[in-house]
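Worksheet for the structure shown next.
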Amino acid sequence: MSGHSKWATTRRKKAVIDAKRGKMFTKLIKEITIAAREGGGDPAGNPRLRLAVDNAKAANMPLDNIERAIKKATGELEGVSYHELTYEGYGPGGIALLVEVATDNKNRTVAEVRHLFSKGGGTMGETGSVAWMFERKGVITLPKQNKTEDDIMEIILDAGADDLQTEDDFFEVYTSIESFEPVRKALTDKKITIENASLQWIAKNSISVKGEDAEKVMKLIEPLEDCDDVQNVYSNADFEE
């Protein structure tokens, strides 16, 4: 199983900052809205919505906010219709980037993302230009809470997990798409606290960046992540200390 990843720690810190600023709620509400619109408003029969609701609850989102987002998606309340898009491109040093957005205005969003790529020393690419460098994986983040690596391994291996990364105060479990829900359920059944669980694009091979190069890449990624329409940014950069 894998060791440490500075990028995993950086992502988690960013999630904490987003939560404090309320940006995390905005992302979660968009995901709930899209999931409910596409698969119906009942979490029991809509796995994507069930996952989105669970993540919202883990982030301490009020139940009223969750229910309102679902009702807007199903037409019970008036709401905004979001479109999901993925942009591809390159950052400094040829780093590959995938940018997932949820927007109510495609023209506005593509112009903003293109501007941020250019400003950060990157370039947007055609569809398919870098997507082949990534694969879809389930990623489950767990606070350590006095659990050892062996404790978690015992649960996730039988459920079909692919990998476990151990960080200073949390674990990241990686799964195939098929094993994602069984692994999540196995952890939940054992009363293991799940901080976040989602399907993400994970780089098949990473490019090591450090020092000044790492700073250049982060100066592109951070503004992209701060863009209101951006849900997730994925990179094949491996940030070293």
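Descriptive notes on the structure:
- Checked across the stretch 111-125, the condition of being under 25 Å from residue 228 (Cβ atoms), modelled with pLDDT of 95 or more, part of a helix (DSSP H, G or I) and polar (S, T, N, Q) holds for at least one residue.
- Residue ID - modelled with the highest pLDDT, chosen from residues in the stretch 17-49 that are over 20 Å from residue 101 (Cα atoms) and open to solvent by 70 Å² or more (accessible area, probe 1.4 Å): 42
- Checklist (1) open to solvent by 70 Å² or more (accessible area, probe 1.4 Å); (2) in a strand (DSSP E or B) applied to residue 164, failing item: (1)
- Residue check, residue 193 more than 20 Å from residue 235 (Cα to Cα) and open to solvent by 40 Å² or more (accessible area, probe 1.4 Å): yes
- Filter result for the condition that a residue is in a strand (DSSP E or B) and either open to solvent by 20 Å² or more (accessible area, probe 1.4 Å) or polar (S, T, N, Q) (or both), over 135, 172: 135
- Considering each residue of the stretch 60-69 in turn, at least one proves to be over 21 Å from residue 227 (Cα atoms), in contact with a Phe, Trp or Tyr (Cβ under 8 Å, 6 or more places away or on another chain), open to solvent by 10 Å² or more (accessible area, probe 1.4 Å) and among the polar types (S, T, N, Q).
- Note on the stretch 179-217: residues that are without any contact (Cβ under 8 Å) to a residue 40 or more places away in the chain and either touching a helix residue (DSSP H, G or I) at 6+ places or on another chain (Cβ under 7 Å) or part of a helix (DSSP H, G or I) (or both) amount to 10.
The values are calculated or read from the model by the stated rules, or taken from the named source; none is laboratory data. Values in this document were obtained by computation on a predicted structure and should not be read as measured data. So basically every Cβ, Gly included, is an ideal-geometry build from the backbone, and we count neighbours across all protein chains shown. Note: areas computed on protein heavy atoms with side chains; ligands, DNA, RNA excluded. Shrake-Rupley method; radii C 1.70, N 1.55, O 1.52, S 1.80 Å.
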